[in-house]
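First comes the structure, then the notes that go with it.
Every read-out reported here was derived from the displayed coordinates using simple, explicitly stated rules and does not represent laboratory data. Predicted, not measured: the structure shown is a model, and the values here were computed from it. As a convention, Cβ positions derive from the backbone with ideal geometry for all residues, glycine included, and neighbour counts pool all protein chains shown.
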Amino acid sequence: MMIRHRGNAPTVDPSAYIAPNATLVGDVRIGPRVRVMYGAILDAEGSTIDVGEASIISEHAVLRATAVGERPQPVHVGDHAFISPHATLLGCEIGRCCYIATGATVLQGARLGPGSVLALGAVAHARTAVPDEMFVPPFTVAAGDPAVVYSPDKPDELAAAIKEVNFAGAAFGVQHEWADRKARYERIAEVRAEEYAAHADDEIL
């Protein structure tokens, strides 16, 4: 399904394949020989999504750009990248020949260098820079610039790293004290509610 959003319609190279139940919303730009498979959602919101040549967007992957926060956060996927089923890419940059495994997540402002791998269930946290060809192991969190890998068996170290990247600020432009979770998440929901209100004017093409 192709949807015009905020006046922008997806553009798809003639050599690309878009599955019948994939959804492209807004300023989504699909390059040559890209394959967007069943159930994938690419939602540009107020920004852009670019997918480079011969990249694979697998089943039920979610790619979402945004214009909220400190600056617009497009999603850029370089050539020959492989985005596996149920992966989530939010306002991030994926270098060429990257492999994003099933269930992996890349958060706002993160950058993955060419040839890097985010293994099964791994996370590249907000504002994280993953060096070229780095392997982020399964079910770990990469955070920082340059990335440091944290395992879930060290929750205090991981919490400190997440606090340092200031996810709420990076993703939503929301600034609240780390411990004031209710106020922070209330404001995050308000930011998203305002952003998503623009979908009331969407046009299915």
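Structure data summary
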{"read-out": "Pairwise centroid distance, computed over Cα atoms, of region 135-197 with region 97-120, Å", "value": "17"}
{"read-out": "Ellipticity estimate at 222 nm from DSSP helix runs (n ≥ 4, -39,500 (n - 2.57)) divided over the chain, nearest 500", "value": "-5000 deg cm²/dmol"}
{"read-out": "Cβ-placed point charges (K, R +1; D, E -1), dipole of region 61-164 about Cα centre in debye, nearest 20", "value": "260"}
{"read-out": "Fewest-first ranking of ASP180, ASP145, using other Cβ atoms within 10 Å as the exposure measure", "value": "ASP180, ASP145"}
{"read-out": "Where Rh is the Kirkwood radius over Cα pairs, Rg/Rh for the chain", "value": "0.97"}
{"read-out": "Fraction of antiparallel bridges per DSSP, the chain only, in percent to nearest 5", "value": "15"}
{"read-out": "Spin-label pair ALA197/VAL149, simplified geometry with 7 Å Cα→Cβ offset, distance in nm", "value": "4.4"}
{"read-out": "Peptides ranked, highest mean first, by Cβ atoms within 10 Å: ranges 153-164, 15-26", "value": "15-26, 153-164"}
{"read-out": "Dipole magnitude (debye, nearest 20) for the chain, charges at Cβ of Lys, Arg, Asp, Glu", "value": "120"}
{"read-out": "Theoretical FRET efficiency, 1/(1+(r/R0)^6), r = Cβ-Cβ of MET1 and TYR185, R0 45 Å, to 0.05", "value": "0.90"}
{"read-out": "Over the chain, relative contact order from alpha-carbon pairs under 8 Å, at least 6 apart, %", "value": "14"}
{"read-out": "Region 90-193, relative contact order [Cα under 8 Å, separation at least 6], %", "value": "18"}
